[in-house]
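Here's the structure, in structure tokens; my notes come after.
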Protein chains: 2
Amino acid sequence: MSNCNKLGIGLAGFGTVGSGVWNTIEKNGELISDRTANGVSLRITKILVRDPAKTRATTSAVPTEILTTDWRELVNDPSVDIVVELIGGTTDAFEIIAAALLAKKPVVTGNKALLAERGIELFAISRKMETPIFFEAAIAGGIPIVKIVQDSFVGNRIHSFTGIINGTSNYILEQMTLRGIDYTTALGEAQALGYAEADPALDVNGWDAAHKAILLATLAYGFPIDPKNIHVSGIEQVRPTDIKFAKSLGYVIKLLAIVREHESGSVELRIQPSFISQKHILASVHGVFNAVSVNADAAGESLFYGRGAGQGPTASSVVADLVEAARDLAHATRHRGFLPYRETGNLVPIAETTTAYYVRFDVTDRPGTIAEIATVLAKHAIGISGTHSPVNPDNPDAEFLDMVFLLHSCPFGKLTAALTEIESLNCVNSTPVVFRIENLG
Amino acid sequence: MSNCNKLGIGLAGFGTVGSGVWNTIEKNGELISDRTANGVSLRITKILVRDPAKTRATTSAVPTEILTTDWRELVNDPSVDIVVELIGGTTDAFEIIAAALLAKKPVVTGNKALLAERGIELFAISRKMETPIFFEAAIAGGIPIVKIVQDSFVGNRIHSFTGIINGTSNYILEQMTLRGIDYTTALGEAQALGYAEADPALDVNGWDAAHKAILLATLAYGFPIDPKNIHVSGIEQVRPTDIKFAKSLGYVIKLLAIVREHESGSVELRIQPSFISQKHILASVHGVFNAVSVNADAAGESLFYGRGAGQGPTASSVVADLVEAARDLAHATRHRGFLPYRETGNLVPIAETTTAYYVRFDVTDRPGTIAEIATVLAKHAIGISGTHSPVNPDNPDAEFLDMVFLLHSCPFGKLTAALTEIESLNCVNSTPVVFRIENLG
């Protein structure tokens, strides 16, 4: 370490977020120093880039001599005390973080996919080397949920998280709700506005939210979670008809990440489009904003809301982590324990998770269709709270149509068994689409 | 300090919150140890009480030998590493905190009135003794806004806070809104439910919120603020007629704390009942909940919502501070800088603060009343966006009535000059009531 309070930072990656970190330190460095004991001073001393010749949109000039294209040079540079990984992906990023930890250089990263997929390996190196990984930017961008769970709620048993933690999905669902447009149109607009990537798969299929939810669960419950064991469904199947129907019943459709500890100690973790009451505060999470609602035994109900992505918010979280890393380095201390702090834990099998449901069937309409479906549901002892099929006034006798069933609470496994049977009925033309109806209290 | 990781705590005060701290440590002590580096272990070793014989509603028995009625004994007890002040008030509490700091024992307190009124003295002792005061519980109960501002947003310049930070007022206003009841009835119910004190003055007159807002401003802008220099008005003058009128225009009335840095660097700080859009997320803050919306240069817009008072939430914040204090003690470090970190700063004079307004006049109605009032407003170049007076269908020709004016944005000083003149009109029977109309974007 170059000095107790002057910390050298190596930035691996210098895209939007990297430039944001540069600008924030440039603009608010003095303020940071004022606010911290002994005046922490952050200085970026090395930057890993793909193309050193590229023009950078930073608020002050970046000296070319601190640029490098070789990550080993960055990690090993003696001026670098802390490594910030911002290149994304799960291969090179893994190598960089592992090498930094092995060199006892604390790591700051926003790479949720890497930590969710290969966190177990990296956390093990971190613990062995007694060198922390900070990842505030990995969950919900500028919302400081990691620090809230680890520090502010350290005295709380967390009962549950309910999160809207993918801004792209939230934006798309909201546009569909406000304007009645379909999924493809809304996605195209989100891409045009830069809210969705050219390849939006991870955002819309629920896996970006799932990565974040896995990290939340590990923070709260302390055990590693294999992404293979959780249930994830995205928003690709949401249609205007679903949205309209939800609205008519006083609901709004949101992509929710649910993380919940059962009394048994097992943890329920699932990502699904869900009906929630229009009156619930999560229904007021608009556009690309994120929110995480936390239910904890001492603090009760809380909600943390903010920008889940973007240059400034992500940089805000990276800089907070840098200041924490700097403090730890300056005093050779460590505040938070290492993750995971329990070796194993149990997930609630998805088949056992229980909510009410909205199910849309693509049916060939004829007398008896409802009866056939209802009979199978009855056989499985699943209660129906309502059925509906939108009648087209121009074609009231349409042969193919959407038929919607609202079902009382039952375990998901029971529902899927019934739906498998229903799918094989002649009158049903494709796999039924299921959304959860969440009672958020 | 008895041991690096085992920390002895002296609780000054053992009412609701003190018992909550006892219970939380009892229930979640192991969890705290799991989550913190080197396993922080908190133990309450001394408790200041008024009456040692009183029965305590704690989840485990409190040994009578750790009770004392002498605060000096508590502060000086060698088993006490950290002092938690929970007795409230600004006299004995001051003595206890000052003595603890002078003994180099970190202090945790939730005493907003003390810190807002006499913080300058205590912070000076804290700095001189290099011993911190933690006060997460002093602002918005279980919402970790202190840590968010000091740590998570350390890299941000804070543009503004907009807070609903008095649960009692929020509860009363909401009941008035939902049920059309008047202020006195709603206050009585709040008292019966334990949401308002027998003496509710500080809650309803805005000063409890003001104390918290002063602390928020000092956290964000670093300079001490004299309570005498800020503008505070409470909810006592809100009538059903105001609520109904707000509703009809798409607004809801909330007691808002506004803290905002102007471009000049001066800080606007005021507490007032305000009209806000029903669509704004702050309008969804129900019951006794609190919320603080933060606008920061990097993180953008955020909102932090939760329980602003009560046993569990307050204990949650006290315990988080204890863990932070324990970490600092264990390593003889300090993370946050001392407050205030600037010697002085400027407040924006209330006369220069600018919003739109809702003004209710108690008038003697006769032809010319509106003209007289409007003429004075015109003279002061204050634009009127609407006037209204609720007609009583049973008595359409009532002589005395409420007349409401909605006014375009202007500096508050200009408004008060006009209102002074209007108050002297014959047709106006009492001091006009003014609420702000906030454009929260």
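Some observations on this one:
- Value of relative contact order over region B:350-437, rounded to a whole percent, pairs C-alpha under 8 Å and six or more apart: 51 percent
- Each of residue A:381 and residue A:279 was given a label point 7 Å from its Cα along the Cα-to-Cβ line. The distance between the two points is 3.3 nm.
- For chain B, the longest principal axis of the C-alpha atoms and the axis of helix B:412-423 are separated by about 50°.
- Relative contact order (%) - criterion: Cα under 8 Å, at least six apart; region: chain A: 17 percent
- Choice from A:253, A:120, A:384 showing the highest fluctuation, given a GNM over chain A with Cα pairs closer than 10 Å: A:384
- Top positive-direction residue, dipole computed over chain B with Cβ charges, set B:419, B:90, B:246: B:90
- Shape of the protein assembly as shown, Cα gyration tensor, a/c cut at 1.5: rounded
- When only Cα pairs below 8 angstrom with a gap of at least 6 residues are kept, region A:155-307 shows a relative contact order of 36 percent.
- Counted by neighbouring Cβ atoms within 10 Å, the residues A:49, A:40, B:348 run from fewest to most as B:348, A:49, A:40.
- Added length on full extension, which subtracts the Cα-Cα distance from 0.36 nm per residue, residue A:38 to residue A:103: 20.8 nm
- Neighbour-count order for B:129, A:176, fewest beta carbons within 10 angstrom listed first: B:129, A:176
- Alpha carbon centroid spacing (whole Å) that separates region A:64-81 from region A:336-386: 52 Å
- For residue A:121, the label point sits 7 Å beyond Cα toward Cβ; its separations from the matching points on the remaining copies run 6.1 nm, from shortest to longest.
- Cβ charges +1 (Lys, Arg) and -1 (Asp, Glu), total dipole of chain B, debye: 1000 debye
- From the largest down, chain B spans 80, 47, 35 angstrom on the principal axes of its Cα atoms.
- Counting neighbouring beta carbons within 10 Å and listing from fewest to most, the residues B:372, B:26, B:324, A:261 come out as B:26, B:372, A:261, B:324.
- Projecting the Cα atoms of A:299, A:440, B:410 onto the dipole axis of the protein assembly as shown, where Lys and Arg carry +1 and Asp and Glu carry -1 at the beta carbon, places A:299 farthest toward the positive end.
- Full-stretch length increase - residue A:344, residue A:60 - with 0.36 nm per residue and alpha-carbon distance subtracted: 97.5 nm
- Lys, Arg +1 and Asp, Glu -1 on Cβ, resulting dipole of region B:350-437 about Cα centre, debye, nearest 20: 400 debye
- Principal-axis tilt of helix B:92-102 within chain B, Cα atoms, nearest 10 degrees: 50 degrees
- Distance-filtered residues of region A:346-385 - backbone nitrogen under 20 Å, label point 7 angstrom along residue A:248 Cα→Cβ: A:357-371, A:373-374, A:384-385
- Helix B:369-379 vs. chain B, principal-axis angle (Cα, 0 to 90°, nearest 10): 70 degrees
- For residue B:192, label point 7 Å along C-beta direction: distances to other copies, nm: 5.7
- Helical mean residue ellipticity (222 nm; -39500 (n - 2.57) per DSSP H run of 4+; nearest 500) of the protein assembly as shown: -10500 deg cm²/dmol
- Part-to-part distance (alpha-carbon centres) for region A:291-307 and region A:393-408, which is given in Å: 39 Å
- Projecting label points 7 angstrom from Cα along Cα→Cβ for residue A:374 and residue B:394 puts them 5.1 nm apart.
- Counting only the Cα atoms, region B:303-441 fills a convex hull of 203 Å³ per residue.
- Rounded to the nearest 20, the size of the Cβ-charge dipole of the protein assembly as shown about its Cα centre is 1300 debye, with Lys and Arg at +1 and Asp and Glu at -1.
- Of every Cα-Cα pair in region A:155-307, the percent that sits beyond 28 Å: 19 percent
- Distance (nanometres) between label positions extended 7 Å along Cα→Cβ at residue B:420 and residue A:27: 4.1 nm
- Per-copy distances of the residue B:79 label point, shortest first, in nm (7 angstrom along Cα→Cβ): 5.4
All of the numbers you see were taken from the coordinates with simple rules; none came from a lab. Nothing here was measured: the structure is a model prediction, and the numbers come from that model. Using ideal geometry, Cβ is built from the backbone for each residue, glycine included, and neighbour counts are taken over all protein chains shown.
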